[in-house]
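Asker: Quick one: the structure is below, questions incoming.
The values are calculated or read from the model by the stated rules, or taken from the named source; none is laboratory data. What you see is a predicted model, and the numbers here were worked out from it, not measured in a lab. So basically every Cβ, Gly included, is an ideal-geometry build from the backbone, and we count neighbours across all protein chains shown.
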Amino acid sequence: MLCAVYKSIRKSQTYLFIAKRDDFEPVPDALLTQFGPPQLVSLLNIKPDSKLAATDANTVIEAIQKNGFYLQLPPPPVDYLEEHKAWRKKQLEVFNETD
């Protein structure tokens, strides 16, 4: 499936995949308002076995066929404090087992 990929200038790491270049008719107005002026990044020929950086190719293809677009949002932020707490807890458990 050939599709156009646009990035948001307002929302970092947010991308919009649509079936036809510059055809934003299937995209809800509220989404386009929040997305901001779309900036063309690439034209991609996505196949079911294509490797995409942040999502599965089949998910993108199905969303475009069903809704006319696919919105890729940025990954959730990493909670480094929680990661550290979990690591520290594990270290203490290992330390206590060796006593």
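Asker: Out of Asp79, Asp49, Asp56, which single residue is within 17 Å of the chain's Cα centre (by Cα) and charged (D, E, K, R)? First the steps, then the outcome.
Answerer: Working: Asp79 fails: within 17 Å of the chain's Cα centre (by Cα); Asp49 fails: within 17 Å of the chain's Cα centre (by Cα).
Just one listed residue meets the conditions, Asp56.
Asker: Can you confirm whether segment 36-43 contains a residue that is surrounded by 10 or more Cβ atoms within 10 Å (Cβ to Cβ) and modelled with pLDDT under 90?
Answerer: no
Asker: How many residues are free of Cβ contacts under 8 Å to residues at least 12 places away in the same chain and either part of a loop (DSSP other than H, G, I, E, B) or of a type in the set (Ser, Thr, Tyr) (or both) if we restrict to segment 37-52? First the steps, then the outcome.
Answerer: Filtering segment 37-52 for residues free of Cβ contacts under 8 Å to residues at least 12 places away in the same chain gives 49-52.
Adding the requirement that they be either part of a loop (DSSP other than H, G, I, E, B) or of a type in the set (Ser, Thr, Tyr) (or both) leaves 49-50, 52.
Of the residues in segment 37-52, 3 are free of Cβ contacts under 8 Å to residues at least 12 places away in the same chain and either part of a loop (DSSP other than H, G, I, E, B) or of a type in the set (Ser, Thr, Tyr) (or both).
Asker: When both residues are 6+ apart or on different chains and their Cβ atoms are under 8 Å apart, which pairs have a first residue that lies in segment 1-28 and is within 11 Å of Gly68 (Cα to Cα) and at pLDDT 95 or above, and a second that is part of a strand (DSSP E or B) and of a type in the set (D, E, K, R)?
Answerer: Within 8 Å, the pairs are Leu16/Lys7.
Asker: Please enumerate the residues belonging to segment 1-10 that are exposed (fewer than 15 other Cβ atoms within 10 Å of the Cβ) and in a loop (DSSP other than H, G, I, E, B). Let's see the steps before the verdict.
Answerer: Step one: filter segment 1-10 for residues exposed (fewer than 15 other Cβ atoms within 10 Å of the Cβ), giving 2, 9-10.
Within segment 1-10, Ile9, Arg10 meet the criteria.
Asker: Could you identify the single residue in Phe24, Phe17 that is in a loop (DSSP other than H, G, I, E, B) and among the aromatic types (Phe, Trp, Tyr)?
Answerer: Numbers: Phe17 fails: in a loop (DSSP other than H, G, I, E, B).
Going through Phe24, Phe17 in turn, just one is in a loop (DSSP other than H, G, I, E, B) and among the aromatic types (Phe, Trp, Tyr): Phe24.
Asker: Confirm whether Tyr70 is exposed (fewer than 11 other Cβ atoms within 10 Å of the Cβ) and of a type in the set (Ser, Thr, Tyr). Lay out the reasoning, then the answer.
Answerer: Details: exposed (fewer than 11 other Cβ atoms within 10 Å of the Cβ): no; of a type in the set (Ser, Thr, Tyr): yes.
Here the answer is no, as Tyr70 does not meet what is asked.
Asker: Quick one: Asp22 ticks every box in (1) on the phi > 0 side of the Ramachandran plot; (2) surrounded by 12 or more Cβ atoms within 10 Å (Cβ to Cβ) bar one, so which box is it?
Answerer: If we test Asp22 against (1) on the phi > 0 side of the Ramachandran plot; (2) surrounded by 12 or more Cβ atoms within 10 Å (Cβ to Cβ), just (2) comes out false.
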